[in-house]
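What follows is one structure encoded as structure tokens, with my remarks underneath.
The values are calculated or read from the model by the stated rules, or taken from the named source; none is laboratory data. All of these numbers come straight from a predicted model, not from anything done at the bench. Here the Cβ positions follow ideal geometry from the backbone for every residue, glycine too, while neighbour counts run over all protein chains shown. The protein model used for the area step is the full one, side chains on, heavy atoms only, and it has no ligands, DNA or RNA in it. Shrake-Rupley method; radii C 1.70, N 1.55, O 1.52, S 1.80 Å.
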Amino acid sequence: MIHSLFLVNSSGDIFLEKHWKSVVSRSVCDYFFEAQERASEPENVPPVIPTPHHYLISVLRHRIYFVAVIQSEVPPLFVIEFLHRVVDTFQDYFGVCTEAAIKDNVVVVYELLEEMLDNGFPLATESNILKELIKPPTILRTVVNTITGSTNVGEQLPTGQLSVVPWRRTGVKYTNNEAYFDVVEEIDAIIDKSGSTITAEIQGVIDACVKLTGMPDLTLSFMNPRLLDDVSFHPCVRFKRWEAERILSFIPPDGNFRLLSYHVSSQNLVAIPVYVKHNITFREGSSQGRFELTLGPKQTMGKGVEAVLVSSQLPRGVLNTNLNPTQGTYTFDPVTKLLSWDVGKINPQKLPSLKGSMSLQAGASKPDENPTINIQFKIQQSALSGLKVNRLDMYGEKYKPFKGIKYMTKAGKFQALLSN
Amino acid sequence: SLPNSLCIVHFLISFSPSRNEDLKEMLESNKESLKLEAMKRVVGLIAKGKNASELFPAVVKNVASKNIELKKLVYVYLVRYAEEQQDLALLSISTFQRALKDPNQLIRASALRVLSSIRVPIIVPIMMLAIKEAASDMSPYVRKTSAHAIQKLYSLDQDQKELLIEVIEKLLKDKSTLVAGSVVMAFEEVCPDRIDLIHKNYRKLCNLLVDVEEWGQVVIISMLTRYARTQFTSPWKEDGVFDEHNERAFYESDEEKTRDETEAKPYMMDPDHRLLLRNTKPLLQSRNTAVVMSVAQLYWHLAPKNEVSIVTKSLVRLLRSHREVQYIVLQNIATMSIQRKGMFEPYMKSFYVRSTDATHIKSLKLEILTSLANEANISTILREFQTYVKSQDKQFAAGTIQAIGRCATNISEVTDTCLNGLVLLLSNRDETVVAESVVVIRKLLQIQPTQHSDIIKHMAKLFDNITVPMARASILWLMGEYCERVPKIAPDVLRKMAKSFTSEEDIVKLQIVNLAAKLYLTNSKQTKLLTQYILNLGKYDQNYDIRDRTRFIRQLIVPNDKNGALSKYAHRILLAPKPAPVLESAYKDRDRYQLGTLSHTINTKASGYLELSDWPAVAPDQSVRNVEVIEPVKEWAPSLGKTGKSKPAKSSDDKFYSDSGEEEEEEEKGSGSSSSEDGSIQSILSVRLHILQNERVCPESGSDAESHVQKNSSQSSEESDKSSSQSEKSSSESDSEKKERKTKTPLQKKTVKPTAKDGYHTIMEHTFSYSHWSTLCVSLFTQLCPLSLAFPLQLSGPAFVPEKSHDLLHRMTGKGLSAQYQFPRQPCLYQPTMVSVQISLTNTTDHPLEQIHIGDRSPTGLNIHCFNTIECLEPEASVTVFIGIDFNDSTQAANFQLCTKEDHFSVSIQPAIGELLLPITMTELDFRKLLGMNESSATITMAAENMTSQPISRPVATVANLGMVPSSQDNVHRFAGKTASSGAVVLVTVELRESSTALITINTEKSVMGSMLLRDLKLALAQT
């Protein structure tokens, strides 16, 4: 299915190639480079590019294009999903997925790619199995390996491929048995000029870090499972049990994994946690404009709003800005016209604001574009939808594990439209 | 720059011969670490796309290295360069051939992977042999690898197709979830048209689907979509009521559905069609976007119209995923939303554009919003579009204008509003916006030109300010087309154009010529000179299109001698009423390609695209999918069923007999008719008696039949050395059984024959020991079953039968009825998945107990084969009965009620884990091959005097019903068994070590059973 893979950096160099069938010349990437040149932004390169003899399917992550070469009909999502898995695996192994990290670990990368595909068809993509086959590099191991000449490849051959639970390796042992679950919700919203909500929805995930000995069988129940409208599960979750009882029952993989992602039904009204007040004026013919922006907390259930970051693409006519933030720092890039303001924590007693003037291109008319501002924030210890985990039970093992649940709300694509 | 120059230096170094010399030296050194270092650098070169082929001889020498990482890297190198260095590559082949026989399944698999990846045509026969052998390997992982190898060999040598199809056919029958995806992939690549190979595996694939790994799911679903379109009739003719009815019918039972029912209904969904829809639905919740998409397309192409919308929510969820995923999903939604607006309308807001979206995402969202627009929501959508028009992304703004145009033509209520809005945009500062508006207005005006002459006038006024050629051309065309409505303005525009003709773009020039021609025909008085001037300019233009057009127009409109005939029609040619353009979606006919495919994305047929056929008018024979035995999901459990028999066999007798020789088929009918539905003990016994009589009367017939079967099996597996050796093995074994049987027959005859005549009760009075029973059962069982097995899992007799019996019902609680049970450790005759239990019932009262039978059981799904109701049990008498219980490989107690005429007593049987097993025999080699399965082990201390063979096998056999495996080492004892219900193999190794310790190792796929068994064994062995 997948013939070859080329990794291309943002300056258009191929820095790694891997072939699973016969070798495809790297000149096939010329078609990709053409498309790259035509695209105004790196994101605008089309994910599927037909060429006379091949098809190129690419994903862009961490400013690296992962370009897969396909020779015949295959569901494009199949390839895209796989490429994202590759990136996730690299990130898992090296902490970051950058050109430098890939080049530094080229042997591990090659070993991974070799295991992940056989003849272009995915073979082992579960991180638990891969880690048994190929040990992730650590600083200590690198040092030890250099001295002793030992290897990254697992000495013991894995059993996972044959286990009834393919996502969990056997013989897991911990001295401290712990299971942590993070409920993370992201709110996507578009707020219009007047401050009313155009769309708002909550997407959530439950990420788990489970370090438990043996073969634990966990069940996790919610106080209010009805909130979850549309869910997708890690393969370990028993779907029938969920259908019947609304309980998550599963034998977890070892280590970090995403247990569940969900969507909170749109029937429930979404509380918007922050508001924006703004007053931006461009006067026709004038070389000065006024800019004023204030943020405040709205419905946060008593929790503080943290890590607030505001960014906005100002119209092309803006030459420079002269603004004063009451807190945090702001930057304006006169070339890209990108304004960003790192606010930090919102203090409800003293609301953060950003005021000042903009210098506009002389003689330019009033811009007719609508600038939007993107807001990022975090609210600790609270899930906006009100989702609550009821209890976590373990069966199949005798010890008492340590259990922990954390809640967090983040802004996803949170946009406010500004008037002019 | 510095890093760049460093790169170049590095590049030069890595290419200089001295450097490669250096690598060669390292590879040829004796030090493992140096070799490894060198290979790492070589892999670095390959990754960069540098040529490292000259190192081939030095690298290939290390192919047999003991170091796993070094070996892996050498494999990487080999696969990359073997095609270029074919002769040298052959040196490595023997290493792989050896590794193919390795006891470790992962080594076998990796050897096959590399061997099949070496694209050297000369080794095709070797690959073929290796694939065949691997296809019947014990390890599902190796079989998976062989499925992958099939495709590799096929792409190397297409002549192998027929042989490969045979292997595919074999692997399609595989019950392992690990193999399913890979073999279907091979099927799709090698022989997608051989739909007949799927029939028998269809239901199995549907049932396995949820447990297959996610990538395999995608491939299987797409294949099944194609399959379903050839086998089932369309569910789209009439929607509604009957469908629900059908769902119910399916749940009842397949067999209960009678023929008249199908005829009475106009459309009845095939239960298999329903099965596919039902089993794919949970996969909509998969985390893998490709799986969700493939289920969505399956529903789109196969489900009744009213069910398709269940996929909507999941598709909308995918829009939260990565940008590339969004792109593909939006494309598919775009196609769907044209035919089925209702599906996505409730989720309209999910398609609102965000400023951070990539351009191709934005235009897809616009496309979908436009398709979703209707009278009710148009105002909301237009308001949304107004914001988009103001977007900083001008390409997107232009797209929005086109979308507005489409809304205006589709929904006549808003045409005027849209047109007015567009006219306002004509004064926009951005010329792309203006140009696009002009083009769209032109199209709208064509639809209803009469009322809009003022808009045309307005556009003429704006003409001077518009610079985009397409827009200018559009305005000129409008002028020409409707010149009679703007008689004053049009000639003036032409005048201006005559002035600027030479500096215009080609597309504008063509329209100027057009305008001139039309004005000449309608208003020649004012424009004759102008027209002639323009035609002259056109005559000498640089572009030949324009010269051509000019010459054509001149001949057409200016009358002369030669062309008089044509110029008569000039007016009708040039000013014919033109049909209004239809503004429609680019996705209109996209659904001619299967959704979710590459071809759908690129809107052309990609190579290797497999057409989705139309529904057949009449469904092909449904019975082709019937399989005799519908078994639960298992890993390579032996299938007892004789395939190809259309009647599903539920009665145990049938199954029991299905593999016996031809001669006995006659007998079966006779006995089958006398046997009741439940398959009572009596009928089983009478069947047995038949065999025995048969044997007595003509001892050759049975063995003839047997050898006949053997001949068949060895013929079919002639190509494969391994399987033929297997059948040899089995034949030798059955020989010995035959002998055994012969020695036993006289004894059995004595005991059994009279009982059959006297009926049931008399058997029980003759309490013969079970050694007879057991030999009889085992010999029958082994004789009849294993010849059809894919793997030689020979059942053997129990090594030891514990005498211990357990209380089932105490006489005090049982009001005088007492019952005890024992595990006779025999394969259950009723159903192979059951464990047989022997129950002795004693009447301790002073009156006869009547109608003793088994009543309600729990859990309700518990499958128990009951004994026949005992009509009367005299005081002080006792009977022994056999029941079969399918414990489903768990130690969960089987609870049921033992009933007499007056009373019900709840009793329960709690099996020890060791009783859920059946002993099997295998060779030591096979045993070692299987050791890759899940392992649990423990070390125990035992007394020194017990360290000889006998005391070890004794306690093991007491704990668990396992067979001994011959061992070549004195201190290692091996035992093998399989679980009764799912047939999973259980291997136990006891290795005696120094200082009176022993290591117990258990290998089995059933990890829970493994650990429970280990616990029991630890207890038992520590005691001795």
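For segment B:41-73, give me each residue that is in a helix (DSSP H, G or I), among the small types (Gly, Ala, Ser), touching a residue at least 12 places away in the same chain (Cβ under 8 Å) and touching an Asp or Glu at 6+ places or on another chain (Cβ under 8 Å). Walk me through how you get there before you give the answer.
Pass one, segment B:41-73, residues in a helix (DSSP H, G or I): B:41-48, B:53-64, B:68-73.
When the remaining residues are screened for being among the small types (Gly, Ala, Ser), the result is B:44, B:47, B:53, B:58, B:64.
Remaining after also requiring touching a residue at least 12 places away in the same chain (Cβ under 8 Å): B:53, B:58, B:64.
If the condition is that a residue be in a helix (DSSP H, G or I), among the small types (Gly, Ala, Ser), touching a residue at least 12 places away in the same chain (Cβ under 8 Å) and touching an Asp or Glu at 6+ places or on another chain (Cβ under 8 Å), then B:Ser53, B:Ala58 are the ones that fit.
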Check: Which residues, taken from segment B:20-34, are surrounded by 13 or more Cβ atoms within 10 Å (Cβ to Cβ) and not polar (S, T, N, Q)?
Finding: B:Asp22, B:Leu23, B:Lys24, B:Met26, B:Leu27, B:Glu28, B:Glu32, B:Leu34
Check: Here is a list of conditions, (1) more than 23 Å from the chain's Cα centre (by Cα); (2) outside any strand (DSSP E or B), and A:Ser382 meets all of them except one; can you say which number that is?
Finding: (1)
Check: Could you list, in sequence order, the residues of segment A:36-71 that are at the interface with chain B (Cβ under 10 Å from one of its Cβ atoms) and free of Cβ contacts under 8 Å to residues at least 12 places away in the same chain?
Finding: A:Ala39, A:Ser40, A:Glu41, A:Asn44, A:Pro46, A:Pro50
Notebook entry, point to check: Within segment A:117-124, is there a residue that is buried (at least 20 other Cβ atoms within 10 Å of the Cβ), of a type in the set (Phe, Trp, Tyr) and touching a residue at least 12 places away in the same chain (Cβ under 8 Å)?
Noted result: yes
Check: What is the one condition in (1) open to solvent by 70 Å² or more (accessible area, probe 1.4 Å); (2) within 14 Å of another protein chain (Cβ to nearest Cβ) that B:Glu505 does not satisfy?
Finding: (2)
Next item on the list: Please state which of the following conditions B:Glu935 fails to meet, knowing it meets all the rest: (1) more than 14 Å from every other protein chain (Cβ to nearest Cβ); (2) under 31 Å from the mean Cα position of the chain (by Cα); (3) modelled with pLDDT under 80.
Entry: (1)
Check: Looking at A:Phe90, is it surrounded by 21 or more Cβ atoms within 10 Å (Cβ to Cβ), within 11 Å of chain B (Cβ to nearest Cβ) and in contact (Cβ under 8 Å) with a residue 12 or more places away in the chain?
Finding: no
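Could you check segment A:93-124 and list, in sequence order, the residues that are part of a loop (DSSP other than H, G, I, E, B) and more than 11 Å from chain B (Cβ to nearest Cβ)? If you could, list the steps in order and put the result at the bottom.
Going residue by residue through segment A:93-124, those that are part of a loop (DSSP other than H, G, I, E, B) are A:95-98, A:105, A:119-120, A:123-124.
Those that are part of a loop (DSSP other than H, G, I, E, B) and more than 11 Å from chain B (Cβ to nearest Cβ): A:Gly95, A:Val96, A:Cys97, A:Thr98.
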Next item on the list: Could you tell me which residue of segment B:187-214 is most open to solvent (accessible area, probe 1.4 Å), considering only residues that are under 13 Å from B:Val295 (Cα atoms) and not charged (D, E, K, R)?
Entry: B:Val210
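Can you pull out every residue in segment A:216-230 that is within 12 Å of chain B (Cβ to nearest Cβ) and buried (at least 20 other Cβ atoms within 10 Å of the Cβ)? Quick ask: steps written out before the conclusion?
Taking segment A:216-230 and keeping what is within 12 Å of chain B (Cβ to nearest Cβ), we get A:217, A:228-230.
Selection gives nothing.
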Notebook entry, point to check: Going through segment B:415-436 one residue at a time, which ones are within 14 Å of chain A (Cβ to nearest Cβ) and part of a helix (DSSP H, G or I)?
Noted result: B:Leu424, B:Leu425, B:Glu431, B:Thr432, B:Val433, B:Val434
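Having 2 or more residues that are of a type in the set (Ser, Thr, Tyr) is the bar; report the strands (runs of 3 or more DSSP E) wholly within segment A:287-353 that clear it. Walk me through how you get there before you give the answer.
Numbers: elements: A:288-297, A:305-313, A:318-325, A:329-333, A:338-344.
By residue number, A:305-313, A:329-333.
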Note to self: Condition (residue is crowded, with 19+ Cβ neighbours inside 10 Å, within 13 Å of chain A (Cβ to nearest Cβ) and out of contact with any Lys or Arg (no Cβ under 7 Å at 6 or more places or on another chain)) applied to segment B:161-172: is it met by at least one residue?
What the structure shows: no
Check: Which condition number does A:Met301 fail, the rest of (1) farther than 29 Å from A:Ile272 by Cβ; (2) aliphatic (A, V, I, L, M); (3) modelled with pLDDT under 85; (4) surrounded by fewer than 17 Cβ atoms within 10 Å (Cβ to Cβ) being met?
Finding: (1)
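Taking the conditions exactly as written (open to solvent by 10 Å² or more (accessible area, probe 1.4 Å) and either under 38 Å from the mean Cα position of the chain (by Cα) or within 30 Å of B:Tyr830 (Cα to Cα) (or both)), does B:Ser982 satisfy them or not? Spell out how you get there, then give the answer.
Values: open to solvent by 10 Å² or more (accessible area, probe 1.4 Å): yes; either under 38 Å from the mean Cα position of the chain (by Cα) or within 30 Å of B:Tyr830 (Cα to Cα) (or both): yes.
Spelling it out, B:Ser982 is indeed open to solvent by 10 Å² or more (accessible area, probe 1.4 Å) and either under 38 Å from the mean Cα position of the chain (by Cα) or within 30 Å of B:Tyr830 (Cα to Cα) (or both).
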Check: Can you name the residue in segment A:155-190 that is among the small types (Gly, Ala, Ser) and outside any loop (DSSP other than H, G, I, E, B) and, of all such residues, is modelled with the lowest pLDDT?
Finding: A:Gly160
Checklist line | Cross-chain or 6+ apart pairs with Cβ under 7 Å, segment B:908-925 first and farther than 12 Å from B:Val835 by Cα, then open to solvent by less than 10 Å² (accessible area, probe 1.4 Å) and among the charged types (D, E, K, R) | finding: none
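May I ask you to verify whether B:Arg194 is away from chain A (no Cβ under 14 Å), modelled with pLDDT of 90 or more, over 20 Å from A:His19 (Cα atoms) and not in a helix (DSSP H, G or I)? So that I can check it myself, show each step before the final result.
Values: away from chain A (no Cβ under 14 Å): yes; modelled with pLDDT of 90 or more: yes; over 20 Å from A:His19 (Cα atoms): yes; not in a helix (DSSP H, G or I): yes.
Answer is yes for this residue.
Check whether at least one residue in segment B:849-862 is in contact with a Gly (Cβ under 6 Å, 6 or more places away or on another chain) and open to solvent by less than 60 Å² (accessible area, probe 1.4 Å), and report yes or no.
Keep residues of segment B:849-862 that are in contact with a Gly (Cβ under 6 Å, 6 or more places away or on another chain), which gives none.
No, every residue in segment B:849-862 fails to be in contact with a Gly (Cβ under 6 Å, 6 or more places away or on another chain) and open to solvent by less than 60 Å² (accessible area, probe 1.4 Å).
Suppose we filter segment B:285-296 for residues that are more than 7 Å from chain A (Cβ to nearest Cβ) and within 14 Å of the chain's Cα centre (by Cα); how many remain? Outline the logic, then answer.
Residues of segment B:285-296 that are more than 7 Å from chain A (Cβ to nearest Cβ), as a first pass: B:291-292, B:295-296.
Checking the rest, the ones that are also within 14 Å of the chain's Cα centre (by Cα) come to B:291-292, B:295.
Total meeting the criteria: 3.
Which ones in segment B:303-313 are open to solvent by 10 Å² or more (accessible area, probe 1.4 Å) and either within 22 Å of A:Ile49 (Cβ to Cβ) or touching a Lys or Arg at 6+ places or on another chain (Cβ under 9 Å) (or both)?
Let us first name the residues in segment B:303-313 that are open to solvent by 10 Å² or more (accessible area, probe 1.4 Å), namely B:305-307, B:309-310, B:313.
Scanning segment B:303-313 gives B:Lys305, B:Ser309, B:Ile310.
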Margin query: Can you report the number of residues in segment B:314-345 which are touching a residue at least 24 places away in the same chain (Cβ under 8 Å), at the interface with chain A (Cβ under 10 Å from one of its Cβ atoms) and open to solvent by 50 Å² or more (accessible area, probe 1.4 Å)?
Written below: 1
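Return yes or no: is B:Ile368 in a helix (DSSP H, G or I) and within 14 Å of chain A (Cβ to nearest Cβ)?
Details: in a helix (DSSP H, G or I): yes; within 14 Å of chain A (Cβ to nearest Cβ): no.
Judged against the criteria, B:Ile368 is not a match.
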Check: Quick check, is B:Pro121 at pLDDT 85 or above, open to solvent by 10 Å² or more (accessible area, probe 1.4 Å) and more than 14 Å from chain A (Cβ to nearest Cβ)?
Finding: no
Next item on the list: Using the structure shown, decide if A:Asn279 is loosely packed, with under 15 Cβ neighbours inside 10 Å and farther than 30 Å from A:Asn347 by Cβ.
Entry: no
